[in-house]
Every structure is written in C-alpha cells, then in structure tokens.
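A short reminder: the numbers here are calculations on the coordinates, not readings from a lab. Everything numeric in this text was worked out from a predicted model, so none of it was measured. Don't worry about glycine lacking a Cβ; one is built from the backbone with ideal geometry, like all the others, and counts go over all protein chains shown.
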C-alpha cells in the first residue's frame, strides 16, 4: 500500500526570543492510501503543528516529510502553495467560507488557481462535489442561509473539488452538535469507502472511533497508535439518537 504521508524525525521549534518552544520532538509516522486516521491529543500536544506541516502551511525545523512520494520538507513558499492546492483538501473547524459568496462559488475557489480549468468546468466540478455531500439543491445559498452542518458540508465539497490525494480535517465536528457531527462523519466514512485518504484531528473519543486508526500525540511525540478493532458506523450512531421534536 502506498504511503500518502511519510514523516521521519519531524521536529518543529518556535523561537520566541528568550524561549524556544519545542512543538514537535521527532515524529515518525506514515499515513497510507485509503486509510482513515484520527489524531488525538490535548492542547499543546503538537497535533495542530503536525497538521500545519503536513498541510504544507508550515515547514519543519528538522526532519523529512514526503507527500505522495515527493519530498516537500524543503520546498519554498510558492512550491508549497502549489502542492497544497493540488494535493490536499482542507476542512476546518470554523468552515472558512466566504460570507458573500454562494455555496457553489465557495466550492469553486480552489480551482481558480488553475488557469487550465475554464469557468464551465469549474462549475461542473463544483456541482459534482456538492452532489457528493448532498447539497446540490443548495448551491445558490450563501453561508448565512445554511446551518452549521450544511456549511461544513460545503467545506468538505470544497476540499474535494481538486481531487486531492488526502483530506486533512482539523476538528471538523468541533462546532457541531452530536447529531450534526455524526452526519458529517457519515460523509467522511462514505468518502473513505470510495478510497479517499483522510486524516482527522479530534479531541472527541467517540469521533475517533469512527476512523480506522487512532494516533495519540503527547508533548510533541507520538505516544500511542491503535488500530480501531470495531469501527463504529456513523449512520448506525445516528439511528440510535432520539428523534428530534419538530416545531
């Protein structure tokens, strides 16, 4: 099985003047094609720094990082941006949607950086992504007309539109209630069943058990790795929840 992410001795030190903060202290980790991995850890454990580096938003102080077989640990800023746009789909806790832009236009955004893609193709691909997350009929709505769960679905569609090799999701259920969290995780599980590689950061144990492997961070190191023996199904978890009253 191919390694989508492979890091060796990944180290990150922030120079704060008189103090040096060691955010990562020699991480060795592989994420394989088609895998659904969850990263857990308390605040300050290094998981967010790790996601920033594997997401090509930051560079390590030391160590190697291979993304889809390419060494990206020494790329310059423009090269990182290009790699990020072509290889990685991001999903954030706060959705990061443009408020004055429709759902369709938000999903199209990553394609605007590719001059070889014409406007008609951009729209077609954006609609296909919205269909994958069940929001094709909402394509003309603006973020303030959508619920939190719907906004996160738009963010997932945007992450998919460039056909990335991996989706990186940073606390994607952090702002959502239990039902909506499972609805979002149902989408991730569906995408993973189709072969999409997903790495997700969460502090919620229940959410981590919907992935196939859990990697725990502590004090800038990998403290534990665990294969989830009995992966929970988000659709089944939704069915167990009490029916909500309608007003």
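Quick notes
- Applying 0.36 nm per residue to the separation of residue 71 and residue 15 and subtracting their alpha-carbon distance, the gain on full extension is 17.7 nm.
- Distance between the modelled labels on residue 205 and residue 59, one decimal in nanometres: 4.1 nm (7 Å Cα→Cβ projection).
- Relative contact order, whole percent, for region 1-137 stands at 20, derived from Cα pairs under 8 Å and 6 or more residues apart.
- Extension gain, residue 194 back to residue 136 (0.36 nm per residue minus Cα-Cα distance, nm): 18.9 nm
- The alpha-carbon atoms of the chain, seen along their principal axes, cover 55, 46, 41 angstrom, with the largest extent given first.
- Relative contact order of the chain, defined on C-alpha pairs under 8 angstrom at six or more residues apart (%): 26
- Taking the centroid of alpha carbons for each part, region 13-88 and region 177-246 are 22 Å apart.
- Rough spin-label spacing in nm, given labels placed 7 Å along Cα→Cβ, for residue 128 and residue 112: 2.2
- Cα gyration tensor shape for region 114-225, rounded if a/c is under 1.5, else prolate or oblate: prolate
- Fewest-first sequence of 107, 13 by Cβ atoms within 10 Å of each Cβ: 13, 107
- Nitroxide proxy distance, nm - points 7 Å out along Cα→Cβ at residue 120 and residue 144: 3.5
- Taking 193, 102 and counting other C-beta atoms within 10 Å, the order from fewest to most: 193, 102
- Shown is the FRET efficiency for residue 25 and residue 100, computed with R0 = 41 Å from the Cβ-Cβ distance and rounded to the nearest 0.05: 0.45.
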